[in-house]
Amino acid sequence: MKTWMKATAVAIAVAVITVMSVDGAIAQDGVQSLRGGTALDEGLRAADIARPNTGKRFTRNYRQQPPLIPHRIDKYQIDLKANQCMGCHDWPQNVDANAPKISETHYVSPTGVRLNKVSGSRWFCNQCHVPQSLAKALVPNTFTSSNDMR
Amino acid sequence: MSASNDDNKSTLGRFWGWLRRPSAGLAVGTLLVVGFFTGILFWGGFNWSMEMTNNEAFCISCHEMEDNVYQEYRETVHYSNRTGVRATCPDCHVPKSWIHKIARKIQASNELYHHFLGTLDTREKYEAKRLTLAKNVWKVMKETDSRECRNCHSFEYMDFVEQEKRSQGSHEEAIDDNMTCIDCHKGIAHELPAGIIGVDGVPNMGN
């Protein structure tokens, strides 16, 4: 056998072994896919659904935080045709509905013009606002409210 | 003279004459029995066809219904929920009491006519007509004090303590102000129509 062929064979073998052992090391280090350690052909239990908490309104963690929604919003229609949130939260209906009025900033267009209706850029409420829930943090973190930092 | 006149009568005229002539050959008993059973047959068949056309499968056998309202309804609480109790199309759209049911069925023949005309045979045509259709339903429900909702729901048996605070407040207000379900619960089973904004008596859902 020619030397270059031998050398190539050895190189390939080394490469394969290295890749395999590195692979093993990663698995041991606990780097995992979103499926966790579950094999591809095994079924995975669905994650628990965090249920909305409809008790008291949660306080905000920082000044600019979009307030959380203290009720269910299942099946509320927000599309080109209608926005059911506005049925209670738009001025002046909010007075009768006894609901908080959307922020005055939501009546200002992106170019700074004051409008007499909710700005299109604020139309899709649930881009920023979500129902509150007593869910656990997804990842451990050291977040501290800006108020507590003062 | 009179005999020849009789011969000239149309078939219909002769049939009428036959109907009016007192029966000579048949016993009154036979007539009664035959009449009784024919009655059952007709009445049963009538009610049977009423029932045949009073279920969800019939409602969505028209693609106008299956492709539009049915798909949306499947996303809502009256189709799938915690307890598995459902409200189907006729539960909300066909009155339970006989006289009102007949009236609704007669009205439905107009819907059949438009089905065959193809008035709403695309999503676009449906959407364009939707505000009118929805307004009709709202008007009827307002007039009947949401009778069909009340076949299943009633303020009397609602445990307000079990409800969300906002529901509780609204329902107490509703009782005080004599309001009806459809005043507040528009779009409960289907998407709200475009153009709903600015409709009388509807809170401004957009602008």
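The values are calculated or read from the model by the stated rules, or taken from the named source; none is laboratory data. A quick note: this is a predicted structure, and the numbers were derived from the prediction, not measured. Reconstructed Cβ throughout: ideal geometry from the backbone, glycine too, with neighbour counts over all protein chains shown. Calculation scope for accessible area: heavy atoms of the full protein, side chains included, ligands and nucleic acids excluded. Shrake-Rupley method; radii C 1.70, N 1.55, O 1.52, S 1.80 Å.
Condition test on A:Ala82, is it out of contact with any Cys (no Cβ under 9 Å at 6 or more places or on another chain), open to solvent by less than 70 Å² (accessible area, probe 1.4 Å), of a type in the set (A, V, I, L, M) and at pLDDT 85 or above? Yes; evaluated as a whole, the condition is true for this residue.
Of the candidates B:Gly187, B:Gly195, B:Gly169, the single residue that is in contact (Cβ under 8 Å) with a residue 12 or more places away in the chain and facing another protein chain (nearest Cβ under 9 Å) is B:Gly195. If I ask for residues that are aromatic (Phe, Trp, Tyr) and open to solvent by 70 Å² or more (accessible area, probe 1.4 Å), which ones from region A:104-128 would you list? Hit for region A:104-128 is A:Phe124, nothing else.
Yes/no matrix, rows are residues, columns are (1) open to solvent by less than 70 Å² (accessible area, probe 1.4 Å); (2) of a type in the set (D, E, K, R); (3) more than 30 Å from B:Lys125 (Cβ to Cβ):
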| position | (1), (2), (3) |
| --- | --- |
| B:Gly25 | no, no, yes |
| B:Val34 | no, no, yes |
| B:Gly39 | yes, no, yes |
| B:Gly45 | yes, no, yes |
| B:Met52 | no, no, no |
| B:Ser61 | no, no, no |
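Filtering region B:123-151 down to residues that are among the hydroxyl-bearing types (Ser, Thr, Tyr) and outside any helix (DSSP H, G or I), which residue is farthest from B:Glu66 (Cα to Cα)? So, considering only residues that are among the hydroxyl-bearing types (Ser, Thr, Tyr) and outside any helix (DSSP H, G or I), the one farthest from B:Glu66 (Cα to Cα) is B:Thr144. Put simply, of B:Asp200, B:Asp145, B:Asp159, B:Asp177 the only residue that is within 14 Å of chain A (Cβ to nearest Cβ) and either under 20 Å from the mean Cα position of the chain (by Cα) or surrounded by fewer than 18 Cβ atoms within 10 Å (Cβ to Cβ) (or both) is B:Asp177. Summed over region B:162-174, the residues that are open to solvent by 70 Å² or more (accessible area, probe 1.4 Å) and within 21 Å of B:Asp200 (Cβ to Cβ) give a count of 1. Output the number of residues of region A:85-103 satisfying the condition of being facing chain B (nearest Cβ under 8 Å), open to solvent by 20 Å² or more (accessible area, probe 1.4 Å) and not in a loop (DSSP other than H, G, I, E, B). Selection size over region A:85-103: 3.
Is it the case, given these coordinates, that A:Ser145 is more than 10 Å from chain B (Cβ to nearest Cβ) and either open to solvent by less than 70 Å² (accessible area, probe 1.4 Å) or not hydroxyl-bearing (Ser, Thr, Tyr) (or both)? So A:Ser145 fits the description; yes.
Just so you know, in region A:47-72 the residues that are in contact with a strand residue (DSSP E or B) (Cβ under 6 Å, 6 or more places away or on another chain) and under 16 Å from B:Gln163 (Cβ atoms) include one that is modelled with the highest pLDDT, and it is A:Arg72. When residues in region A:51-65 are screened for being free of Cβ contacts under 8 Å to residues at least 24 places away in the same chain, open to solvent by less than 70 Å² (accessible area, probe 1.4 Å) and over 17 Å from the mean Cα position of the chain (by Cα), 2 of them pass. Could you tell me whether A:His71 is surrounded by 13 or more Cβ atoms within 10 Å (Cβ to Cβ), assigned to a helix (DSSP H, G or I) and within 12 Å of chain B (Cβ to nearest Cβ)? Here the answer is no, as A:His71 does not meet what is asked.
Restricting the search to region B:36-88, which residues are within 14 Å of another protein chain (Cβ to nearest Cβ) and of a type in the set (Asp, Glu)? Scanning region B:36-88 gives B:Glu72, B:Glu75.
Given the criteria more than 24 Å from B:Gln168 (Cβ to Cβ) and within 14 Å of chain B (Cβ to nearest Cβ), does A:Asp79 qualify? So A:Asp79 fits the description; yes. Just checking, does region B:96-119 include any residue being within 14 Å of chain A (Cβ to nearest Cβ), surrounded by fewer than 16 Cβ atoms within 10 Å (Cβ to Cβ) and not in a helix (DSSP H, G or I)? No: zero hits.
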